[in-house]
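Okay, so here's the structure we're looking at.
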Amino acid sequence: MIDPLERWRELGLPDKPDYAGLLTYAGMPYTQDPAQLSGVDVAVIGAPMDDLVSDRPGTRFGPRAIRAASCPPGPHLEAKIDALAELRVVDFGDAAVVPADSVRTHAQIERTVGQAVAAGTIPVVLGGDHSITEANVRAVATRHGPVGLVHFDTHTDTGTEVFGVEQSHGTPMYRLVRDGHVNARRYVQIGLRGYWPGEEEFSWQREHGIAAYFMHDVRDLGIREVVERTVAAVADGPVFLTVDVDVLDPSFAPGTGTPEPGGMSSADLLWACREIASRLELVGIDVVEVIATRVGSADITALVADRIVREALTGIALRRRDAHEMLTRR
C-alpha cells in the first residue's frame, strides 16, 4: 500500500500541502490490490464515465476533481470527531472504464466495487454519471441482498428509457427496483423538482411504494422533518446512499450536467447526509454528476462533492462510536 504522506512524515509532519504529492482521496493510502483491503473500513473508488448522459458531458473528470478538492484529515468542528482518524480509509483507485463501451465499463465498476464489498469495506464511489449507481448497487446487493436506498436528486431516474435508450443516467433506479436489487418500500427520493419525469414514472413509483419528497416538501416541512421521515421509512437493514449533485441549487453546484434552479442548499444537504449516515446502516455511497469546470480545489462543485463524502463518513464514524459506547456500558 502506498502512503502519499511518507515524505512528509519523514519530516515529522502529519500532513502535506493539498497541491503536492500523489493525488489520492484526502491523502489516504492508495492500493489496487484487493488483498490489502483486509481490515479497511472504507474504500474510495473512482468511476470516471459519462457515456450515458443525456445532456452535458464531462463527469468523467469528476473523480479526479473530487480527489483534488478533498481536504486533509481533521476534526469536524460541529460533530467533534475526525472520521479519517476513526475509520481506516484507503483510495482503491479507479475502475477500469472503457471509453464508448458502457457495458464493459459498468461491468468493471461492478467488479471493482464488488472487490471492496467482498473485503467487508464500505465502497464510496466517486462519479461519473448517475448510471454508475446501477453497477454500484448491484455489487452491494450481491452481498447484502436487496437494499434500502436514500436518493438525493432533482430527478427520479426511474425512466424505462431516455431518448429511446433503456440504459442511461435517467434509468438506473427503475432497473434496480425491477431487478430486485433495491427494496422499493425502503426507497426514498429527496429534492425532486423541474419538468421530468411525468405521470407514467410517478404512477409506477406509487404502485411500488417509493417515497418521493419534492423540493416544495423540503421547503414546507424543513429538512429535519424530511430526514426523520426518511429514517423511519428506510428503517433497519442495509442502505445505499446516492447523491446527485444536481439536487443542489445551481448556485451551490454549477458544474453538473442537468442543473435545475430552486434546489437544496449545501448546508441542508451536508447536514442531511451526516444525519442519515449516523442513523442508518450504510453499506455503500456514491456521489455523481460532477462536472469540474476548473479541475482543482477551487472548483465549487467538486468541493461540495468532497464535503458530501466527508459528512457521510463523519456520520458513519459517529454511528460506530455510539455503538461502541453502548457495548462498553453493558
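The values are calculated or read from the model by the stated rules, or taken from the named source; none is laboratory data. This structure is a prediction, so every number in the text was calculated from the model and none was measured. Cβ placement follows ideal geometry from the backbone for every residue including glycine, while neighbour counts extend to all protein chains displayed. Side chains included, ligands, DNA and RNA excluded: accessible areas come from the protein's heavy atoms. Shrake-Rupley method; radii C 1.70, N 1.55, O 1.52, S 1.80 Å.
Applying the criterion of being of a type in the set (Lys, Arg) and surrounded by fewer than 20 Cβ atoms within 10 Å (Cβ to Cβ) to the residues of the range 62-115, the residue that is farthest from MET28 (Cα to Cα) is ARG104. The condition of being without any contact (Cβ under 8 Å) to a residue 60 or more places away in the chain and under 22 Å from ARG67 (Cα atoms) holds for only one of ILE285, ILE300, ILE308, ILE316, that being ILE300. Output yes when any residue across the range 208-226 is within 22 Å of VAL124 (Cα to Cα) and at pLDDT 95 or above, and no when none is. Among the residues of the range 208-226, not one is within 22 Å of VAL124 (Cα to Cα) and at pLDDT 95 or above, which makes the answer no.
Considering only the range 82-108, state which residues are on the phi > 0 side of the Ramachandran plot and not in a loop (DSSP other than H, G, I, E, B). GLY93, the sole residue that qualifies.
The listed residues are GLY209, GLY262, and the only one of them that is open to solvent by 40 Å² or more (accessible area, probe 1.4 Å) and farther than 23 Å from LEU313 by Cα turns out to be GLY262. Of everything in the range 170-193 that is hydroxyl-bearing (Ser, Thr, Tyr) and open to solvent by less than 40 Å² (accessible area, probe 1.4 Å), the residue that is modelled with the lowest pLDDT is THR171. Here is a check on your reading of the model: is GLY315 more than 30 Å from ASP55 (Cα to Cα), buried (at least 21 other Cβ atoms within 10 Å of the Cβ) and in contact with a Ser or Thr (Cβ under 7 Å, 6 or more places away or on another chain)? So GLY315 fits the description; yes. Scanning for something among the small types (Gly, Ala, Ser), within 28 Å of LEU303 (Cα to Cα) and open to solvent by less than 10 Å² (accessible area, probe 1.4 Å), does the range 194-201 turn up at least one residue? No, there is no match, as no residue in the range 194-201 is among the small types (Gly, Ala, Ser), within 28 Å of LEU303 (Cα to Cα) and open to solvent by less than 10 Å² (accessible area, probe 1.4 Å). I'd like to know if the range 14-29 contains one or more residues that are farther than 30 Å from GLY257 by Cα, open to solvent by 80 Å² or more (accessible area, probe 1.4 Å) and modelled with pLDDT under 95. Looking through the range 14-29, at least one residue is farther than 30 Å from GLY257 by Cα, open to solvent by 80 Å² or more (accessible area, probe 1.4 Å) and modelled with pLDDT under 95.
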